[in-house]
Each structure stands twice: as C-alpha cells, then as structure tokens.
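Worksheet: the structure to be examined is printed underneath.
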Amino acid sequence: MGVEEEFVLVGPGSRAPVDRGPEVVESAAHVVGGQVQSEFFNAQVETVSQPTASCQDLRDELVRLRGAIARAARAECCMPVATGVPPVPPARPATVTDARRYRRIAHHFAPHLPAIEDLLSGCHVHIGTLDRALALALSRRIAPWLPVLQAVTANSPFARCRDTGFDSWRSAAYASWPTVGPAPDLDESRYHAHVDALVRNGALVDRRTVYWHARPSEHVPTLEIRVADANADVDTVVMYAALLRALAATLLPDVLGQRPAPKVPFRRLVLAHELAARHGPSGFGIDPYTGRERPATELVERLIDRTLPALDRTGDTDRVLGQWQHIRARGAGAGLQRADYRRRRRVTDVVDALAVLTVAACGPGPQPPEALDPGGERP
C-alpha cells in the first residue's frame with residue numbers, strides 16, 4: 001500500500017491559502033526528493049509515500065514527509081494544513097501551477113474549474129501490486145464499501161468562512177468534475193475502449209484524468225482509491241489505508257475464483273456517497289446490499305468485522321480498532337473542526353487547530369501557527 005496526501009499552504013496571519021507551493025516543493029525536495037510534488041494549484045503540495053506492507057512503516061513515512069514540508073513551509077512563512085477544503089478562501093483567485101499538463105487541464109475543463117477552486121485536497125491510497133484486469137475486478141467488489149470509508153474520513157465542513165452543512169464539502173464540490181463517481185462495471189478490454197473514447201471525444205485530457213472513486217493507476221500497477229478527504233490526523237490516514245488493504249485482501253479470493261460479485265445498483269452507490277458527504281460518520285448511510293438506511297457507525301463496524309481476519313493476518317487489528325474507538329470518543333475530522341469553531345465562533349481557530357494537528361506527530365521541528373510571525377507573511 002502507498003499513500004498520496006495533498007496539503008494546502010496557508011499564511012499564519014490570514015490563515016488563507018498562499019501560492020508558495022513551488023518554493024516549498026523545491027526546498028523539501030532537498031530532503032525527501034521526488035516524494036514531494038506540485039499539485040494543481042500553487043497553494044497546494046502533495047507527498048507520495050513509498051510502497052510498504054507495514055502500517056507502522058507507513059505511519060513513520062507519512063510523519064517524515066509531513067515534517068519535511070512543514071519545515072520547508074516555515075521558511076516560506078506558511079504552514080501545511082491537511083483538510084479537504086481550506087476553511088478560509090484565498091485572498092485572490094487560486095492560480096494553477098505552471099506545468100504543461102496542469103495548463104492543459106485548466107484550459108480543457110475551464111467550465112468546471114469553479115467546482116475545485118476551493119482547493120480541494122484528497123488522500124489517495126494505492127493497493128497493489130495488481131495488473132489492470134485484476135485491479136478492475138477488485139474495484140467492482142470494493143465499490144459498495146467505499147461510501148463507508150468516505151464517511152469516516154470526511155474532513156471538510158467549512159469553505160469560504162462558512163459551515164457548508166456537509167461533513168465533506170470536498171466530495172460535494174468534486175462530484176461535478178468529469179468522471180468523478182463510482183467506477184462503471186468494465187472488464188479490461190471495455191475499460192481501454194471506454195477510456196480511449198473519452199479521450200478521443202474530448203471528455204478527458206488524457207487517461208490519467210479518469211477520476212473514478214476506484215481506478216487502475218496509469219503509472220503504477222495498483223488500484224487507486226480516491227474517496228477520502230485529506231486528514232490532519234495521521235492515524236486516521238493509516239487506519240484508512242489499513243482497512244482498504246484488508247478489504248482488498250478479503251475480496252481478492254472471490255475475484256481470483258471468478259465468483260459472481262453482488263450486484264449493487266449504480267444509483268444506490270451514488271446515494272450512499274451523497275449521504276457520506278453530507279453526514280460523515282455521525283449520520284446514516286446505505287447498507288450496500290439491502291439498500292436500507294443504517295447508522296454510519298454500524299456500517300463502519302460491519303466493515304471492520306468483515307475485514308477482521310485480514311487485519312489479524314497483518315497484525316493491524318489493534319491499530320484499527322484503537323483508532324476507530326478514538327474517533328468514536330472524540331469525533332471524526334469534520335466534528336473536530338466544528339468543535340474548534342464553536343469555542344469562539346472563529347474560522348481562523350479551525351485553521352490553527354488543523355495546522356497543529358497536521359504536524360502533531362512530527363516532533364519539535366515544525367512549529368504551531370502561533371509561533372510564526374504574522375508580520376513576516378508576504379503579501
């Protein structure tokens with residue numbers, strides 16, 4: 001498994017996104033090389049973990065990468081924040097990173113850009129090694145459970161200084177982007193024909209702009225899952241990756257045995273994702289097989305029970321159960337953001353709390369936002 005995390009860079013005075021991505025990437029690359037990369041907007045950066053079979057190694061690497069970008073950001077008078085949408089909007093319209101592919105995407109999808117100008121940031125998990133045929137077959141099996149994982153990682157209730165009413169505004173805004181949603185039921189030959197047709201007729205820029213919730217990666221032999229918001233709590237990210245790997249391991253024998261997959265109507269999947277975006281883990285979700293509404297917490301626990309043998313085999317049971325109980329006790333990402341806001345009714349407090357939590361596991365190197373001099377922030 002491997003994890004890609006997207007972060008927004010915010011200024012300590014305004015708590016708004018600032019276009020320091022190129023400088024932060026250049027500086028952090030001296031420490032972590034190509035594991036830190038530019039993102040679509042100049043106010044974002046992305047980190048890419050090495051593939052690993054160990055949850056502890058994954059956590060250690062995510063902490064190391066967060067520490068590297070935090071130190072680089074501090075030198076640029078900004079700080080990385082892991083959230084699906086920054087609560088405070090940019091002072092000026094977001095600018096697209098000066099890279100040929102990003103310029104092409106911005107030009108091609110110009111009518112859709114307002115849907116992502118809130119600087120949507122996700123956490124993507126790669127599971128593999130899998131050839132494309134196997135990744136496609138596994139994606140069909142995993143699809144009914146992805147709304148459950150989306151709910152537990154919902155972390156973007158605020159956008160443009162207001163509570164959107166969604167636990168994951170990123171999911172709601174991103175849904176209008178071309179091809180975002182549950183993957184169609186395709187075998188390998190139909191996948192190639194379908195995606196090639198989308199590129200040929202101009203619906204996509206290239207094959208890498210397929211944004212299904214679960215897709216075969218075009219550059220590594222993995223299945224990529226794209227339903228989670230960026231999360232400040234690194235242990236939530238590790239739990240998410242562990243559950244995805246365990247779910248894949250649980251379902252893989254059925255794929256290899258060519259046993260028929262349960263048929264879940266596409267509209268039911270869409271509705272389940274809409275409920276996950278709206279209510280997160282505190283509301284109701286859709287039971288993937290009966291279609292009935294069930295408490296989201298019940299669905300999470302059913303997922304954990306379903307994957308328990310696989311979690312036991314990899315030694316991840318205690319980690320996953322412990323983090324889930326932690327979330328049940330103190331709240332998931334969206335609930336924590338709202339609690340931070342209620343203390344003083346200040347959205348800037350939400351940003352500060354996210355900035356601290358994003359680097360909380362990194363040790364004494366990166367500093368909390370109050371340690372940065374707002375007067376040093378560049379215009």
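Laboratory data are not the source of any read-out in this text; all were calculated from the coordinates shown. Nothing here was measured: the structure is a model prediction, and the numbers come from that model. For neighbour counting, all protein chains shown are included, and Cβ atoms are generated from backbone atoms with ideal geometry for every residue, glycine included.
Please indicate, with yes or no, whether at least one residue in segment 214-226 is in contact with a strand residue (DSSP E or B) (Cβ under 8 Å, 6 or more places away or on another chain) and in a helix (DSSP H, G or I). Among the residues of segment 214-226, not one is in contact with a strand residue (DSSP E or B) (Cβ under 8 Å, 6 or more places away or on another chain) and in a helix (DSSP H, G or I), which makes the answer no. For segment 323-354, filtering for residues that are assigned to a helix (DSSP H, G or I) and either loosely packed, with under 13 Cβ neighbours inside 10 Å or of a type in the set (Lys, Arg) (or both) leaves 8. Does segment 32-41 contain at least one residue that is under 19 Å from the mean Cα position of the chain (by Cα), free of Cβ contacts under 8 Å to residues at least 40 places away in the same chain and assigned to a helix (DSSP H, G or I)? Checking segment 32-41: at least one residue is under 19 Å from the mean Cα position of the chain (by Cα), free of Cβ contacts under 8 Å to residues at least 40 places away in the same chain and assigned to a helix (DSSP H, G or I).
How many residues are part of a strand (DSSP E or B) and within 24 Å of Pro221 (Cβ to Cβ) if we restrict to segment 42-73? Working first, answer last.
Applying the first criterion (part of a strand (DSSP E or B)) to segment 42-73 yields 44-48.
With within 24 Å of Pro221 (Cβ to Cβ) added as a condition, the list becomes 46-48.
Going through segment 42-73 one residue at a time, the tally reaches 3.
Within segment 7-31, the residues that satisfy the criterion of being under 18 Å from Ala91 (Cα atoms) and not in a strand (DSSP E or B) are Gly11, Pro12, Gly13, Ser14, Arg15, Ala16, Val18, Asp19, Arg20, Gly21.
For segment 118-147, taking the residues that are in contact with a Leu (Cβ under 9 Å, 6 or more places away or on another chain) and not in a helix (DSSP H, G or I), the one that is surrounded by the fewest Cβ atoms within 10 Å (Cβ to Cβ) is identified as Gly128.
Name the residue that is surrounded by the most Cβ atoms within 10 Å (Cβ to Cβ), counting only residues in segment 148-193 that are under 16 Å from the mean Cα position of the chain (by Cα) and closer than 25 Å to Leu256 by Cβ. My answer is Val148.
When only residues in segment 103-117 that are in a loop (DSSP other than H, G, I, E, B) and not acidic (Asp, Glu) count, which is farthest from the chain's Cα centre (by Cα)?
First, pick out the residues of segment 103-117 that are in a loop (DSSP other than H, G, I, E, B): 109, 116-117.
Filter once more, so that each one left must be not acidic (Asp, Glu): 109, 116.
Values: Phe109: 21, Ile116: 14 Å.
Here the answer is Phe109.
One residue is enough: does segment 77-84 have a residue meeting the conditions more than 20 Å from Glu26 (Cα to Cα) and crowded, with 24+ Cβ neighbours inside 10 Å? Checked against the condition, which is being more than 20 Å from Glu26 (Cα to Cα) and crowded, with 24+ Cβ neighbours inside 10 Å, segment 77-84 yields at least one hit. The single condition among (1) in contact with a Gly (Cβ under 8 Å, 6 or more places away or on another chain); (2) outside any helix (DSSP H, G or I); (3) among the basic types (Lys, Arg) that Lys263 does not meet is (1).
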